[in-house]
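Only one structure is covered here, and it is reproduced in the block below.
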Amino acid sequence: MDSELPAREHILRQLADHLDDDTFRRIFPDQHPDAIRGLLLGRQPTAAVNRATAAPTVRSTPAGKATTACRLFTDGASRGNPGQAGAGAVLLGERGEELAACSVYLGTCTNNVAEYKALLVGLEEAQRKGCGQLAIFLDSELIVRQVQGRYKVKNETLLPLFRQVRERLDRFETWSIAHVPRAQNARADQLANQGIDRRHG
C-alpha cells in the first residue's frame with residue numbers, strides 16, 4: 001500500500017524553500033524568483049518584487065513628485081570571524097551610473113554583522129540620494145532570506161541590526177532584495193576590503 005502523499009501546501013512550501021534562484025530563472029525566465037516563491041506560498045507578488053528585474057525608470061507619484069529607481073549593491077568583509085571588518089556599498093542610478101561608493105571601517109565584528117552594517121550604510125546613502133524605488137543585491141544568501149522574512153533572525157547580535165534594516169526599508173516607496181553571486185558583487189566587496197585596509201593605512 002502506498003504511503004499517504006504530503007499535503008499540497010507542504011509540497012509547495014518545500015519547493016519554495018529549497019529551489020534556488022537559478023532554478024526559478026531557468027523555469028520562469030521572465031519572472032523574478034521571489035514572485036514565483038510568493039505564488040507558491042499563496043502570497044500575491046508585491047510591486048517591489050515585480051519591478052525587481054525591470055529597467056530602472058522615473059515615474060510620478062500621485063502627489064506629482066518624481067520617484068527615482070536605484071540599484072544598491074552592498075557587502076561586508078571580516079578578516080577572521082570575528083575579525084577586522086569593513087563595509088562596502090555602491091549605489092547605481094537610472095542609467096547605471098555610479099551615484100555613490102561607500103567604504104567604512106567597522107572595527108572587530110563577525111562577517112554577518114559586517115553584512116548588515118554594510119546594508120545599513122547603503123540604505124542611508126540611497127535615502128540621501130533621493131531613491132524612491134530600490135532594488136538591493138547582496139551575495140549573502142542568509143541576510144537576503146532574513147530580510148525577505150524567509151528565515152527567522154535567531155542571533156541576538158543580528159536582531160537589532162535586522163530591525164534597523166526593516167525600519168529603513170519602510171522609508172522607501174518600494175524595495176526588493178535579491179541574492180547575487182559574489183562575482184556580480186565585486187565592486188562592493190572591493191569597497192568593503194578598502195574599509196579594512198584604511199584602518200591599517
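Some notes on this structure:
- When Pro56, Pro6, Pro45, Pro62 are checked against the criterion of being at pLDDT 70 or above and not in a helix (DSSP H, G or I), Pro6 stands alone in meeting it.
- Yes/no for Glu125 being within 28 Å of Ala35 (Cα to Cα), touching a Pro at 6+ places or on another chain (Cβ under 6 Å) and open to solvent by less than 70 Å² (accessible area, probe 1.4 Å): no
- Conditions (1) within 24 Å of Asp17 (Cα to Cα); (2) among the aliphatic types (A, V, I, L, M); (3) within 13 Å of the chain's Cα centre (by Cα); number of the one not met by Leu159: (3)
- Of the set (1) open to solvent by 90 Å² or more (accessible area, probe 1.4 Å); (2) closer than 22 Å to Ala183 by Cα; (3) modelled with pLDDT of 75 or more, all apply to Leu39 but (2).
- Test result for Arg145, under 30 Å from Gln14 (Cβ atoms), charged (D, E, K, R) and out of contact with any helix residue (DSSP H, G or I) (no Cβ under 7 Å at 6 or more places or on another chain): yes
- Condition met for Ala118 (at pLDDT 95 or above, of a type in the set (Gly, Ala, Ser) and within 14 Å of Asp139 (Cα to Cα)): yes
- Qualifying positions in segment 108-139 - assigned to a strand (DSSP E or B) and touching a residue at least 40 places away in the same chain (Cβ under 8 Å): Cys131, Gly132, Gln133, Leu134, Ala135, Ile136, Phe137, Leu138
- Sole residue being surrounded by fewer than 18 Cβ atoms within 10 Å (Cβ to Cβ) and more than 21 Å from Asp170 (Cα to Cα), chosen from Ala114, Ala101: Ala101
- Applying the condition of being of a type in the set (A, V, I, L, M, F, W, C) and within 20 Å of Arg128 (Cβ to Cβ) to segment 150-172 and asking which residue is surrounded by the most Cβ atoms within 10 Å (Cβ to Cβ) yields Val165.
- If the condition is being of a type outside the set (S, T, N, Q), open to solvent by 60 Å² or more (accessible area, probe 1.4 Å) and farther than 20 Å from Leu134 by Cβ, then segment 173-201 contributes Pro181, Arg182, Ala183, Asp197, Arg198, Arg199, His200, Gly201.
- Counting the residues of segment 153-177 that are acidic (Asp, Glu) and more than 18 Å from Leu72 (Cα to Cα) gives 1.
- For Leu142, the conditions (1) aliphatic (A, V, I, L, M); (2) open to solvent by 10 Å² or more (accessible area, probe 1.4 Å); (3) not in a helix (DSSP H, G or I) all hold with the exception of (3).
The values are calculated or read from the model by the stated rules, or taken from the named source; none is laboratory data. Please read these numbers as outputs of a predicted model, since none were measured by experiment. Cβ sites come from the backbone with ideal geometry, for glycine too, and all protein chains shown count toward neighbours. Side chains included, ligands, DNA and RNA excluded: accessible areas come from the protein's heavy atoms. Shrake-Rupley method; radii C 1.70, N 1.55, O 1.52, S 1.80 Å.
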